[in-house]
Amino acid sequence: AVVSSGINAEYGGTNLERLSRLEGVTVERYEKQILPAVLKQLVNCKDSIAQEYLMDCIIQVFPDEFHLRTLENTFLDTCCQPQSQVNVRNIIISIIGRLSNFAQADPSNIPEDIKLFDIFSVKVTQIIQSRTEMPPEDILVLQSALIKLALNVYPAETGYVNQVLQNTLNIFQTEEGRAKGCSNELGKLLRVPVDHYQDILTVLELDAYPKLFSFLDLNTRKDLCVYIAEHIIETGTLIYSHDQVDLLLTMIECLVADAPDQPSNQIEDPEDFECEQALVGRLVHQMTSQVPDQQFLILNTCKKHLIAGGDKRIQFTLPSLIFRAIHLCRVYHDLREEDEKWEKKVTKILQYINSLLSALVKAEYWDLSLRLYLQASLVCDAMGISNAETVGYEFMSHAFAIYEEEVSDSKAQLIAISLIVATFERTINFSEENHEPLRSQCFRAGSKLLKKPDQCRAVSLCSHLYWSGKNREGAGEPLRNATKVLECLKKAVRISNQCMEPTVQVQLFVELLNKYIYFLGTGCEEVSESVLSQLVGKIHEDMPGLESGDITKQIVKHFETTLRFIESRHQLTF
Amino acid sequence: MVLVLVIGDMHIPYRSDSIPPKFRKLLVPGKIQHILCTGNLCLRETHDYLKSISSDVHIVRGDFDLNTSYPEQKVVTVGQFKIGLIHGHQVVPWGDNDAIAAVRRQLDVDVMVSGHTHKLEAYEKDGKFYINPGSVTGAYSPMERNPVPAFILMDIQSSTLVTYVYSLPPDGEMEVKKIEFKKGDREE
């Protein structure tokens, strides 16, 4: 009676409150008398703000048990009435939230026979379907509330979450235009499971989840994919099966390759693009299995997706795959006693690495592929089998080919040949049949550099190949070919003599003096006192004639330090 | 007190995905005066990250840094110490202490910093100090397949250099080792 006069909402609200505290208000009375009366008033009231306020009052003021009892048949049904102008969105969110808290406080609060999620899921779908003008934001906010209900109250039921997503998908797919403008809200909704399930693998099980991506505009989709990728890396989640990897990479397709809805004239900021692709490259390291055979499947799945990214992406993404493949070779090598097929498997991985390198070469990433060929040849060498030796030789040849044909800047050439020599020096398993031509190649390449100082330095670097370099026949012992070492250094001195610049010449002499001393220090007794004394004499001779300046000062200091070192280490004075 | 962060061989994204969170928590802006980076970042984003920690960042070029503006080697003076910085892939044989000592002689420095091997080291030899901060991400190197993530912090006060060697072994508990080096007049 008190309520039926309610036109002034506030007055009604206060009265409701008083009503709820009255003795004798049982759930039956609430269900049969109070609620219907209030709802009737509500439906007739034109003021939507008042409606919302009243509904909220009902929700807040009466106990949860009352709501549970009247939920399905009275409360939600009223909301479902299309004729009622009630703004259902906030009301439903409010009641879901309220009952969700009630359930989380104590799961036994919810009677067995009240399937909270099912009730809400069915009714909300009905409401959405019946209210065709409901904007997509409202639809999605409701779905979001449902998902949160599922996640909070029924955490084990991933199927519930998927159901909500599937329902959303159905609505958007079957009813034209209902999804229009929903990008932002949908993006928010799709982040909810990611945030909740710290483990992305659970999200990958929700088959409706990725299907909703097509309703996002490109930027929102990309943002979401970046969010997911960063989440995986930050939580350290490992994607350990190739099926999961396939699902994930398909899901974040718009990061991995050009999207069909990408405008063709779009100019991407190169820094942003680099960041974005580096993220994909980083993500590769999270796709890993402890089971080597499975890891190989993962590598193949990754390759399939990443190659589709095209030339502009592979410079950032393929190197990670190559290094994971290198790592896998080593794992198989470690387990060689336990796996009789290990050699075949390693051969396959090396072929895999080769295919990725070929892609990089084809895209003309010369510096990058040269360096990766060198790293790949090292892993071949570590395998210690003849198959791998052949491939390793191939890789070294590729590195040389790139060096000879594509590295044109003279500074870059010195850097590249030095790296080739330094890498080759570390190998131990090339048979002499392969080792010799590679040694010669290094020497030839070094002596053909354009600038004399560069030639001198490259050639002197080659001396190490004959000293600490190892071939298979040596069985772990270094070559220790003193004759060739001295030949190299002698050649280097000759080249220095041909340098026009006196300062540079003397600088090179001092460097070479240090090289001689290095070999003497590692047991090369053929570095005779007379060889040293000759070089020292030459430097003494030329030094006074040098132009004064900072560089000359440095050279003089270097020389003096070297002489002192020779004295203290080798008891030789010049 | 002058703090110098010695760090490098991140190899992001090629060999590693990120610097360990425990390290990132320590490397906050405003506390470190200088950064010496041995190289192999490999991309700009890691350079930006270093710049966010300190305004004075020195980087030398690693074999996988494609940025040609990074020098092959550098000498930085902090207080009384001349510090040499080189990545180390240029030094043949890789990881050879005598070869690195030759570079030190050439650069005429008190402290020689190099990387590349991913082998964490800090030792004194013939009155000079040699540092390798290893790989801060624990990235693969052909010489150290699974290095422990590490970096080094130097505290320079007049003629004393205290190094704090930070490492993160597999069990997750960060370790810190302290090594002191006094600059002497003693020459090789």
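The values are calculated or read from the model by the stated rules, or taken from the named source; none is laboratory data. The model shown is predicted, which means the values in this text are computed figures rather than measured ones. Positions of Cβ are generated from backbone atoms using ideal geometry, with glycine treated the same way; all protein chains shown enter the neighbour counts. Areas reflect the complete protein model, heavy atoms only, side chains present, ligands, DNA and RNA absent. Shrake-Rupley method; radii C 1.70, N 1.55, O 1.52, S 1.80 Å.
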>> Let me spell out the model: positive unit charges on the Cβ of Lys and Arg, negative unit charges on the Cβ of Asp and Glu, origin at the Cα centre of chain A. What dipole size does that give, in debye rounded to 20?
In response: 1020
> With all protein chains present, how much of the accessible area of chain B (probe radius 1.4 Å) comes from carbon and sulfur, to the nearest whole percent?
Replying inline: 49
>> Past the 24 angstrom mark, what percentage of all C-alpha to C-alpha distances in region A:425-521 do you count?
In response: 23
>> Could you sort A:Phe509, A:Phe102 by their accessible area in this structure, using a 1.4 Å probe and putting the largest first?
In response: A:Phe102, A:Phe509
> In peptide A:318-324, what is the residue-averaged number of other protein chain Cβ atoms found within 10 Å of each Cβ?
Replying inline: 4
> Where does helix A:410-425 land angle-wise versus the long Cα axis of chain A, in degrees 0 to 90, nearest 10?
Replying inline: 90
> Which Rg and Dmax, in Å, describe the Cα atoms of region B:65-182?
Replying inline: 14.2, 41
> Under a 1.4 Å probe, what is the accessible area of chain A per residue, stated in Å²?
Replying inline: 45
> Rounded to the nearest 500 deg cm²/dmol, what is the calculated helix-only ellipticity per residue at 222 nm for chain A, with -39500 (n - 2.57) per DSSP H run of length n ≥ 4?
Replying inline: -23000 deg cm²/dmol
>> Using the Cα centre of the protein assembly as shown as origin and beta-carbon charges of +1 (Lys, Arg) and -1 (Asp, Glu), tell me which of A:Asn514, A:Thr174, B:Gly88 is placed farthest towards the positive end of the dipole.
In response: A:Asn514
>> If you take each beta carbon of peptide B:89-99 and count the beta carbons of other chains within 10 angstrom, what is the mean?
In response: 6
> How high is the relative contact order of chain A, in percent, with contacts defined as C-alpha pairs under 8 Å that are six or more residues apart?
Replying inline: 6
> Among A:Arg18, B:Arg24, B:Arg15, what's the order by accessible area (1.4 angstrom probe), most exposed first?
Replying inline: A:Arg18, B:Arg24, B:Arg15
> Taking every residue in A:270-283, how many Cβ atoms of other protein chains lie within 10 Å of its Cβ, on average?
Replying inline: 3
> Under a point-charge model restricted to the Cβ atoms of Lys and Arg (+1) and Asp and Glu (-1), what is the dipole moment magnitude of region B:29-156 relative to its Cα centre, in debye to the nearest 20?
Replying inline: 120
> For region A:276-351, which GluC sites (Glu not before Pro) are both in a DSSP coil and crowded by at most 13 other Cβ atoms within 10 Å?
Replying inline: A:Glu337, A:Glu338, A:Glu340
> Over region A:483-574, what relative contact order in percent results from Cα pairs under 8 Å that are six or more residues apart?
Replying inline: 29
>> Restricting to Cα pairs below 8 Å that are 6+ residues apart, what does the relative contact order work out to for region A:249-333? Please round to a whole percent.
In response: 38
>> Roughly how far apart, in whole Å, are the Cα centres of region A:108-158 and region A:313-340?
In response: 47
